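Below is one structure, written out as structure tokens; comments come after it.
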Amino acid sequence: MDGEESVVNNNIAWQIGSAQERSTEIFESRNPACHADVLGVFGCATREQIAKAGARAEQAFTAWRKTPAPVRAGVVANFGRLLEANKESLARLVTREMGKPIREARGDVQEAIDTCSFFVGEGRRLYGMTVPSEMPNKELYTYRRPVGVFACMTAGNFPVAVPSWYFVPALVAGNVCLWKPSEDAPLTSYYFAMLLEKAGCPAGVFQVVYGKGADSTGAWLIEAIDAGWISAFGFTGSSQVGARIGEVCGRNLITPCLELGGKNPMVVMPDADLALAVEGALWSGFGTAGQRCTSLGNLIVHEKIRNRFVERLLEKVATITIGDPLDESVLYGPMISEKFLHTHLHHLETLIAPHHTVLTRSNGRITAQSPWPRWRGKMAPDDGWFAAPTVVDGVRSTDPIYAQETFGPLINVMTCRDLDEAIALANGTGYGLSSALYTNTPSYVYHWKEEITAGMTSINNSTTGAEAHLPFGGNGRSGNGSRQSGVWVLDQCTRWQAVNWDLSGALQHAQIETGYIAADVQYRLPC
Ligand code: UN1
């Protein structure tokens, strides 16, 4: 795939306008498992191009919002079918572009297909309510109305599923969308847009602006909120950028949908099925090389089983296969990009304190000099950005590593005396995205569900792997209370309209003239 081909889609905004307006800043998309493999060259959209895309979106909104919802949902049905027909090729592209193992990449595409199948039906619902009036000859209704231009910026770790969580419901609800995808997955985004176009999405209804984040297209898109044409803003990424978007949205009276970081806890109680819990910890901590918002951060183990559990975990860590993400057998492939590897290495350097014990044999980057024993694939590790799994023991709640999201293959081990202490540690990081408890005692489960402050929790399952129709989102530093997926996300892309329809022919005054029947309040029971 060359760079030229990646600019032909007429829904892609950065090519709008004359040659002079074209961006001069460009960036490459490279395979993180083999960085000599260049997937494409992309231009960063300028402020002017974003403004043009905005004008085009506003124009497209007029017709799209009037298109019947079942017809809009028909486009989403087509999109779902196209994703299904192209699942394998898109999944292979995801793997090649951002490095997640092919099994997981298929799951990423499947999550978007599931999202489409859920929201196709929503096109025939988008239910409002008929509400009784307190006045005669008067009807009350509620309608969900689209917000207008829905702008979004997404991360590179779920380049198909997470964008679909925003755009599929937003399009069914009648919004027009403007997307700044991650600079780590631009070609996947291009094909995402291409499939939406082939699904029948009219020009201007869904547009993509490519670019980087800071001092680039991402920053200009946030700036554009002040121009007034963006009615809703969705963001999946760091808490720092999320807070910035929240500030700009706040002064423009827009409520953003913010899905931010996490330092997700997993608690293992003494009665848990330890083999299951070890498997869950391994997958939660090291699946996707720890680069999910929902990845395990703090593994909190009851003191009674601590030594046994850690021993079994380390036995399993030694069996992890790492390498070519196209190999069906690897647990994980490379970090998403060089930047992600460097950030992870920086965390290892700066967050591991003298009182910690690194329990894993090797940590840091995997290279020819520092190989991983169970390496898979023909490429040399130095050709990509691979990191070894690291387990750090002796972590305390006062350590910076306890509360800092690291977004890499790194698990902290902590010890607790009882469930209350475990809950305090689980809730104490300031984040609140996902969490997990391993136990077979119903009273522990009940107490945990009542006390855990994370937006999502699993019982006897991984911190990752949310299904596409449950509310996804977090509290504290993990978000602003917004939720994606299922029926809940509709509140992010619609506004309720309340309608009073008075058929009485008179000006009826609610509250003032309501014909309430008076009670005999002096009455007392004779018994
Ligand atoms: C993310 O990491 O931003 O629950 C999304 C999961 C996936 C989605 C994660 N279904 O791990």
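The values are calculated or read from the model by the stated rules, or taken from the named source; none is laboratory data. What you see is a predicted model; the values in this text were computed from it and never measured. Here the Cβ positions follow ideal geometry from the backbone for every residue, glycine too, while neighbour counts run over all protein chains shown. Areas reflect the complete protein model, heavy atoms only, side chains present, ligands, DNA and RNA absent. Shrake-Rupley method; radii C 1.70, N 1.55, O 1.52, S 1.80 Å.
Restricting attention to segment 369-414 and to residues that are among the acidic types (Asp, Glu) and open to solvent by less than 60 Å² (accessible area, probe 1.4 Å), the residue that is nearest to Lys316 (Cα to Cα) turns out to be Asp393. Highlighted here are the strands (runs of 3 or more DSSP E) found entirely within segment 115-193 that include at least 2 residues which are away from the ligand (no atom under 16 Å from the Cβ) and not hydrophobic (A, V, I, L, M, F, W, C): 138-146. Between Gly80, Gly74, Gly43, Gly54, the distinction of being modelled with pLDDT of 95 or more and either in the same structural domain as Asp327 (by TED's automatic domain parsing) or closer than 22 Å to Lys212 by Cα (or both) belongs to Gly54 only. Among the residues of segment 22-75, count how many are part of a strand (DSSP E or B) and among the hydrophobic types (A, V, I, L, M, F, W, C). Within segment 22-75, residues that are part of a strand (DSSP E or B) and among the hydrophobic types (A, V, I, L, M, F, W, C) number 6.
Contact annotation: residue pairs with Cβ atoms under 9 Å, 6 or more positions apart or on different chains, pairing a residue in segment 226-243 that is assigned to a strand (DSSP E or B) with a partner that is aromatic (Phe, Trp, Tyr) and within 13 Å of the ligand (Cβ to nearest atom), are Gly234/Trp165; Gly234/Tyr166; Thr236/Phe158; Thr236/Trp165; Thr236/Tyr166.
Screening Ala199 against (1) within 16 Å of the ligand (Cβ to nearest atom); (2) of a type outside the set (D, E, K, R); (3) over 15 Å from Gln492 (Cβ atoms); (4) in contact with a helix residue (DSSP H, G or I) (Cβ under 9 Å, 6 or more places away or on another chain) leaves a single unmet condition, (1). Return a yes/no flag: does segment 309-318 have any residue that is more than 16 Å from the ligand (Cβ to nearest atom) and among the aromatic types (Phe, Trp, Tyr). Checking segment 309-318: at least one residue is more than 16 Å from the ligand (Cβ to nearest atom) and among the aromatic types (Phe, Trp, Tyr).
Counting only strands (runs of 3 or more DSSP E) wholly contained in segment 254-324, the ones carrying 3 or more residues that are open to solvent by less than 10 Å² (accessible area, probe 1.4 Å) and closer than 23 Å to Ser443 by Cβ occupy 264-268, 296-302. If you go through segment 464-478 and pick out every residue that is within 11 Å of the ligand (Cβ to nearest atom) and closer than 20 Å to Ile254 by Cα, you end up with 3. Selection of first residues in segment 276-291 that are closer than 13 Å to Val413 by Cα and of second residues that are among the small types (Gly, Ala, Ser) and within 15 Å of the ligand (Cβ to nearest atom), restricted to Cβ pairs under 9 Å at least 6 apart or on distinct chains, gives the following pairs, ordered by first then second residue: Ala281/Ala436; Ala281/Ser462; Gly285/Ser295; Gly285/Gly297. Applying the condition of being under 24 Å from Glu104 (Cβ atoms) and without any contact (Cβ under 8 Å) to a residue 24 or more places away in the chain to segment 300-350 and asking which residue is farthest from the chain's Cα centre (by Cα) yields Glu315.
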